[in-house]
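J.: Just dropping this structure here.
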Amino acid sequence: MEPLLAPLLASPALKDYNGCMTTKEVIRKLLDRLPDDASIEDVQYQIYVLQKIQAGGADLKAGRVKRHDEVMKDLARVFQQSGLGLRAEVGTRVMMTP
């Protein structure tokens, strides 16, 4: 099941979630968006995604994030030092070197 949270998080009602909506209200909105035949696992997954989004937002506000190019440079350095034949370049995937 795909996360149903994107429309929920983009809704004007949730823009100020940190202060305006209680967790109970957010869960109710989430449940309203699920199909009637949703399983417990579907609900758990949606809550898990919401928690991860909130944790990412908290990390962003606290400055605990790095830009993609910085992460790729760090990976490239680690891979080079590891001697495992891996390489990472900005704008590419991690690859095995021939």
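J.: If you check every pair at least six apart or on different chains, which have Cβ atoms under 8 Å apart with a residue in segment 63-88 that is assigned to a loop (DSSP other than H, G, I, E, B) first and a residue that is surrounded by 11 or more Cβ atoms within 10 Å (Cβ to Cβ) and at pLDDT below 80 second?
T.: So the pair list comes out as ALA88/PHE79; ALA88/VAL94; ALA88/MET95.
J.: Would you mind stating whether ASP36 is modelled with pLDDT of 85 or more and part of a loop (DSSP other than H, G, I, E, B)?
T.: So ASP36 passes the test.
The values are calculated or read from the model by the stated rules, or taken from the named source; none is laboratory data. Quick caveat: nothing in here was measured; it's all calculated off a predicted structure. Note: ideal-geometry Cβ built from the backbone for every residue, glycine included; neighbour counts use all protein chains shown.
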